[in-house]
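Structure first, then comments.
The values are calculated or read from the model by the stated rules, or taken from the named source; none is laboratory data. It should be emphasised that the depicted structure is a prediction, and the values quoted were computed from it without experimental measurement. Here Cβ is always computed from backbone atoms with ideal geometry, including for glycine, and neighbour counts include all displayed protein chains. For the accessible areas, the whole protein counts, side chains as well, though only heavy atoms, and no ligand, DNA or RNA atoms are used. Shrake-Rupley method; radii C 1.70, N 1.55, O 1.52, S 1.80 Å.
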Amino acid sequence: MDVRSTLRKLSIMLKTYPFNPTWCPGCGNFAIWASLKQGIADTKYPKEKFALFYDVGCSGDMADFNQYYGFHTLHGRALPTAVGAKLANHELKVIVIIGDGGCYGEGGTHFLNLMRGNHDVTLLVHDNHRYSLTTGQMSPTTEKGTKTKSTPEGSIEEALNPIAIAISNHATFIAREFAPDIPRLTQRITQAINHTGFSIIDILQPCPIFNPKQSHEWYRQMLVKLEDENHKPNSREDAWKQSVRIDKLPIGLFFQETKPAYHEQVSELKEGPLVNKSIETIDIGNLIKNFR
Ligand SMILES: Cc1ncc(C[n+]2csc(CCOP(=O)(O)OP(=O)(O)O)c2C)c(N)n1
Ligand code: SF4
């Protein structure tokens with residue numbers, strides 16, 4: 001048993017579980033955590049209706065501090081695990097907590113395919129533009145030319161634009177928000193959970209330790225609210241124009257449309273969730289014979 005599991009076991013025995021957050025002072029994860037809890041409460045659904053899937057990262061460490069049903073998955077694999085749970089019990093509200101590295105790097109193909117399927121999962125991407133848990137290597141959203149531990153001469157690749165990708169790849173709810181604006185992020189999280197189908201909020205998350213340049217002050221100078229730009233979230237074309245801006249960083253709801261979610265189109269799920277079905281009469285013997 002490793003140190004972490006021993007500590008967890010001890011804290012359960014001493015009734016001090018869940019742990020208090022271990023994030024650094026000034027980390028944007030505190031604000032996302034607060035917004036998530038309030039955003040879930042504001043949906044008015046009972047707590048047990050939620051299942052949270054955590055990726056590996058500073059973001060995913062939230063698994064230790066939360067009191068919802070949850071699954072701390074492998075790095076980059078929170079997305080398919082969440083989809084599996086949703087298809088097994090489509091009455092659950094499924095949320096993924098993931099970093100930009102896990103979502104757009106290791107989990108990149110899952111990210112693309114969840115959107116295509118309009119899987120009814122809410123992605124909260126803690127986008128700090130670094131692989132922070134492993135001490136600040138460049139991630140897919142790191143600005144070109146940035147010096148990090150893994151790019152001492154400056155990163156060579158262009159930064160990936162997750163909002164533009166989502167707009168062009170059939171996502172049905174696409175938003176970007178700034179972590180420290182808790183009231184605004186809370187409302188957006190409630191709205192995303194209530195959306196039927198795939199929803200993503202790319203959350204700009206300050207990481208003062210490994211990304212001091214993109215500080216609170218830097219963001220405050222760069223951000224504009226989409227609603228102040230007269231943006232209406234019903235046109236992919238308009239959303240695209242906002243997503244590729246370089247003069248400013250727009251936050252808000254870029255695009256939303258109503259479309260059937262994946263689970264709503266699977267005939268086997270029409271009679272109710274798979275988890276409610278009896279498996280007594282199911283015999284997979286013949287299927288297994290084919291693999292012998
Ligand atoms: C497949 C795999 N690759 C790499 C790692 C090592 N690893 C663990 S956490 C992490 C960084 C996570 O960065 P990110 O997803 O951006 O989350 P953050 O820590 O910034 O919240 C890495 C590279 C791993 N555990 N598994
Ligand atoms: S390293 Fe960065 S992301 Fe991780 S806890 Fe510290 S401030 Fe937050």
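What accessible area per residue, rounded to a whole number of Å², is obtained for the chain using a probe radius of 1.4 Å?
Details: 14950 Å² over 292 residues.
On a per-residue basis, 51 Å².
Taking 30 Å as R0, compute the FRET efficiency from the Cβ-Cβ separation of Lys232 and Thr43 and round it to 0.05. Let's see the in-between values first.
Values: r = 25 Å, r/R0 = 0.82.
FRET efficiency, Lys232 to Thr43: 0.75.
Quick check: from the Cα gyration tensor, does segment 44-105 come out rounded (a/c under 1.5), prolate or oblate?
Values: a/c = 2.41, a/b = 1.40, b/c = 1.72.
Verdict is oblate for segment 44-105.
For a paramagnetic label modelled at 7 Å from the Cα of Asn113 toward its Cβ, which residues of segment 61-76 fall within the zone defined by backbone nitrogen distances under 17 Å?
Once the point is set 7 Å along Cα→Cβ of Asn113, 74-76 turn out to lie under 17 Å by backbone N, inside segment 61-76.
Rounded to the nearest 0.05, what FRET efficiency is calculated for Lys277 and Lys248 with R0 set to 45 Å and r the Cβ-Cβ distance? Can you show the working numbers first?
Working: r = 51 Å, r/R0 = 1.13.
Efficiency computed from Cβ-Cβ geometry: 0.30.
Is segment 136-186 best put as rounded, prolate or oblate by its Cα gyration tensor, with a ≥ b ≥ c the root eigenvalues, rounded for a/c under 1.5, and otherwise prolate when a/b is larger than b/c, oblate when not? It would help to have the intermediate numbers written out before the result.
Values: a/c = 4.07, a/b = 1.57, b/c = 2.59.
Verdict is oblate for segment 136-186.
Please list, or write none, the lysines whose alpha carbon is within less than 23 Å of the alpha carbon of Lys248, excluding same-chain residues fewer than 8 places away.
Once the sequence-local lysines are set aside, what remains near Lys248 is Lys144, Lys147, Lys213, Lys225, Lys232.
Can you give me the C-alpha center-to-center distance between segment 174-253 and segment 48-111, rounded to a whole angstrom?
Using only Cα atoms to place each centre, the spacing works out to 21 Å.
Over the chain, what relative contact order in percent results from Cα pairs under 8 Å that are six or more residues apart?
Value for the chain: 18 percent.
Would you please give the residues with an amide H less than 5 Å from that of His72, counting only those at least 5 places away or on a separate chain, with H modeled from the backbone geometry?
The answer is Tyr54.
Going by the alpha-carbon gyration tensor, a ≥ b ≥ c the square roots of its eigenvalues, is segment 97-231 rounded (a/c under 1.5) or, if a/c is not under 1.5, prolate (a/b greater than b/c) versus oblate? Walk me through the numbers on the way to the answer.
Details: a/c = 1.89, a/b = 1.32, b/c = 1.43.
Note, shape of segment 97-231 comes out oblate.
Using a 1.4 angstrom probe on the protein heavy atoms only, could you order Tyr262, Tyr131, Tyr104 from most to least accessible area?
Most to least solvent-accessible, the answer reads Tyr262, Tyr131, Tyr104.
Taking only Cα atoms and a 10 Å spring cutoff, compute GNM fluctuations for the chain and point out the largest among Arg188, Arg176, Arg116.
Largest GNM mean-square fluctuation: Arg116.
Using 7 Å Cα-to-Cβ label points, what is the Thr135/Glu153 separation (nm, one decimal)?
That separation, rounded to one decimal, is 2.3 nm.
Taking Lys270 as the anchor, which lysines have their alpha carbon closer than 24 Å to its alpha carbon, excluding any fewer than eight residues away along the same chain?
Candidates past the 8-residue exclusion: Lys49, Lys86, Lys93, Lys259.
Could you work out how far helix 108-117 tilts from the main Cα principal axis of the chain, as a 0 to 90 degree angle to the nearest 10?
60
What's the magnitude of the charge dipole for the chain around its Cα centre, counting Lys and Arg as +1 and Asp and Glu as -1 at the beta-carbon? Answer in Debye, nearest 20.
Working: 32 positive and 31 negative charges, 93 e Å.
Computed about the Cα centre, the dipole is about 440 debye.
Grab the Cα-Cα distance for Thr22 and Thr146, subtract it from 0.36 nm times how many residues apart they are, and report the gain in nm with one decimal. Numbers along the way, then the final one.
Values: separation 124, 0.36 × 124 = 44.64 nm, distance 2.67 nm.
Contour length minus the Cα-Cα distance gives 42.0 nm.
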